[in-house]
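Colleague: Questions regarding the structure given below will be posed in turn.
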Amino acid sequence: MTTPDSMSQHPSKHELLEAFFLPDLCNSRAVMFLLILSEALVLALTLVETGLPGFSWQRFAIVSLFVQWVALLSVAVLCQLRGLMSHLHVLSASLVALSITQLVTLGVSLLGEHLWPMKDPAIDWAWVLRNQVIAAIFAMMALRYFYVQSQWRLKTQAELKSRLAALQANIRPHFFFNTLNTVASLIVIDPDKAEHMLVDLAQLFRAVLKADDKLVPLAQELELSRRYLDIEQVRLGERMTVQLDLPATLPELMVPQLLLQPLLENAVYHGIQPVVQGGLIRLSLRQQDSDWLLEIANSKDPEQESVHGNQMAQANIRARLAMITTEQHPAELSIDDLGGQYRVQLRLPQTLMAAHLADSQLMENQS
């Protein structure tokens, strides 16, 4: 029987593929990059053999055909075996990948010797050996490049997780103690309200203490934000007014956990709390074109300068959103200081909904 502890000790197939140094070579972008790189290699080899004055387009076409066959067949095999190779050590996986490219090169070379009509019946083993050496050199260069890129990506993700941990730890200790003091004062006066505050506080810190940065439904993140605002509402009383402008049916978007809480915390501590008469916090969500626009606006002292402390949370949020969106469909964070109002807008693309569907499909496949 598989227990939760044993499952946590063994990474899932998705996690293995994410950490594997060999990229997904099945997508069209990778294939297009491979074709361009192969043609550049063919051009270089042809120029070395013939020189620029004697450049032969016929020779270029023949070599191009040979290299493209080797490259595409190698990528096709590596693409199919990537899931199995992800369980191997880096060195073992590299040797397997190198062996595959060598076998493909050997097969294409022997096939070319057999089919090329102008060649002698005897196999030109020197030509075959040269192909093997050239293929091995470029395959090792490509594997080294993939490994360095993978290590850089993993390092970037590790730094992002450490920044997330710092962001989670940055929830102010005095917020926790002030909340407990408020609960203690309400136990006798209004025990039901005290109980609700403790439930909200427990849910908030349960999310804070989680060590991962997995995606959660937007509805769950909004519920966590509501609990935080409820706690601050009890603590500040009539000094803080909260307006929620949310659609009746929330979109099935997936967002990083604790995406909104740091922004709401900044709105409370830098916008509402410094003003004696308090102010307003408005959280709204609306669809704009094909994306969703999530906005947090808070009133503030018009003469108050922008607080530099806000920038850490905003930088972390931008980095976390960049990890889950693409350049074609990015998630954007924009800031507007309007004097008497501070406004933060999050543009969430529909691709985050696609990520949700992909994760659901992945969980079904794994089950």
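Colleague: Can you name every residue in region 117-132 that is open to solvent by 100 Å² or more (accessible area, probe 1.4 Å), modelled with pLDDT under 65 and under 16 Å from V63 (Cα atoms)?
Modeller: Residues satisfying the conditions are P117, M118.
Colleague: Here's something else I'd like to know. Across region 188-225, which residue is modelled with the highest pLDDT among those that are touching a strand residue (DSSP E or B) at 6+ places or on another chain (Cβ under 9 Å) and small (G, A, S)?
Modeller: S225
Colleague: Hey, E113 hits all of (1) closer than 24 Å to P23 by Cα; (2) touching a Lys or Arg at 6+ places or on another chain (Cβ under 8 Å) but one; which does it fall short on?
Modeller: (1)
Colleague: Just to verify a result, which residue in region 286-305, among those that are assigned to a strand (DSSP E or B) and of a type in the set (D, E, K, R), is most open to solvent (accessible area, probe 1.4 Å)?
Modeller: Here the answer is R286.
Colleague: For region 51-89, enumerate the residues that are without any contact (Cβ under 8 Å) to a residue 12 or more places away in the chain and within 24 Å of L111 (Cα to Cα).
Modeller: S56, W57, Q58, A61, I62, L65, A76, Q80 - these are the residues of region 51-89 that are without any contact (Cβ under 8 Å) to a residue 12 or more places away in the chain and within 24 Å of L111 (Cα to Cα).
Colleague: Would you confirm whether or not region 49-71 contains a residue that is at pLDDT below 85, in a loop (DSSP other than H, G, I, E, B) and within 20 Å of R130 (Cα to Cα)?
Modeller: Taking every residue of region 49-71 in turn, at least one turns out to be at pLDDT below 85, in a loop (DSSP other than H, G, I, E, B) and within 20 Å of R130 (Cα to Cα).
Colleague: Conditions first: (1) farther than 30 Å from F20 by Cβ; (2) part of a helix (DSSP H, G or I). A97 passes all but one, so which condition is the exception?
Modeller: (1)
Colleague: Then there is this: Please identify the pairs in which a residue from region 138-154 that is closer than 14 Å to L37 by Cα has its Cβ atom under 7 Å from the Cβ atom of a residue that is surrounded by 12 or more Cβ atoms within 10 Å (Cβ to Cβ), counting only partners at least 6 apart or on another chain.
Modeller: The qualifying pairs are F138/L41; A139/L98; A139/T101.
The values are calculated or read from the model by the stated rules, or taken from the named source; none is laboratory data. If you're wondering where the values come from, they're calculated on a predicted model, not measured in any experiment. In this analysis, Cβ positions are derived from the backbone assuming ideal geometry, glycine residues included, and neighbour counts consider all displayed protein chains. Side chains included, ligands, DNA and RNA excluded: accessible areas come from the protein's heavy atoms. Shrake-Rupley method; radii C 1.70, N 1.55, O 1.52, S 1.80 Å.
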